[in-house]
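Peer 1: Dropping the structure in here first, questions after.
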Amino acid sequence: QLVESGGGLVQAGGSLRLSCAASGRTFSSYNKGWFRQAPGKEREFVAAIIWNGASTSYADSVKGRFTISRDNAKNTVYLQMNSLKPEDTAVYYCAADPLRYGNRRSFYDYWGQGTQVTVSS
């Protein structure tokens, strides 16, 4: 099970840190991703990190502003979001997969329930 937390309401230019804690399974060896879905839009890729943290990937829209990281000892992946914009408003989901890694939703077999991020202008 994957459980996201850390969402909330923030003003444009502000920061939030999302967490995704895993339980019931050893997700520490899984590749992880963050996706987001705004109202009326498709779920889109945000960032991904390989199981040991050696490689990361970002959507162009968040490069330089968001940072994905993980602490395998805590079975948790993080998404530090800085310089937030109103267009970052969405439900953010974490995802995990034991083998695949990248920017496609189909790569990930395990998903959390999401956490709402709202950025006001």
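The values are calculated or read from the model by the stated rules, or taken from the named source; none is laboratory data. Keep in mind that what you see is a predicted model, and the values were worked out from it rather than measured. Here Cβ is always computed from backbone atoms with ideal geometry, including for glycine, and neighbour counts include all displayed protein chains. These accessible areas exclude ligands, DNA and RNA; they are computed on the full protein's heavy atoms, side chains included. Shrake-Rupley method; radii C 1.70, N 1.55, O 1.52, S 1.80 Å.
Peer 1: Pull up the cross-link candidates among the lysines for K74, meaning alpha carbon to alpha carbon under 29 Å and not fewer than 8 places away within one chain.
Peer 2: K32, K63
Peer 1: Name the residue, out of A73, A22, A12, whose mean-square fluctuation peaks in a Gaussian network model built on the chain with Cα pairs under 10 Å.
Peer 2: Among A73, A22, A12, the largest GNM mean-square fluctuation belongs to A73.
Peer 1: Can you pull out the trypsin sites (Lys or Arg not before Pro) in the range 43-121 that DSSP calls coil and that have at most 13 other Cβ atoms within 10 Å?
Peer 2: Sites meeting the loop and neighbour criteria: K63, K74, R104.
Peer 1: Whole Å is fine, so just give me how far the alpha carbon centre of the range 78-113 lies from that of the range 9-50.
Peer 2: The distance from the Cα centre of the range 78-113 to that of the range 9-50 comes to 3 Å.
Peer 1: While we're on this one: Name the residue, out of L16, L84, L99, whose mean-square fluctuation peaks in a Gaussian network model built on the chain with Cα pairs under 10 Å.
Peer 2: Answer for the Gaussian network model of the chain: L99.
Peer 1: Name the long-range amide H neighbours of V46: under 5 Å, sequence gap of 5 or more, or other chain; modelled H, no Pro or chain starts.
Peer 2: Amide H to amide H, under 5 Å and 5 or more residues apart or across chains, V46 pairs with W34, F35, R36.
Peer 1: Now for a separate question. Enumerate the calculated ³J(HN,Hα) couplings along the range 71-82 in order (Karplus 6.51 cos²θ - 1.76 cosθ + 1.60, θ = phi - 60°), each rounded to whole Hz, writing x wherever the residue is Gly or Pro.
Peer 2: Once rounded to whole Hz, the list reads 10, 5, 5, 9, 6, 9, 10, 10, 9, 8, 10, 10.
Peer 1: For K85, which aspartates and glutamates qualify as cross-link partners when the Cα separation must be under 18 Å and same-chain residues fewer than eight apart are set aside?
Peer 2: Output for K85: E44, D60.
Peer 1: Can you pull the accessible area of V3 for me, 1.4 Å probe, Å² to the nearest 10?
Peer 2: About 70 Å², ignoring ligands and nucleic acids.
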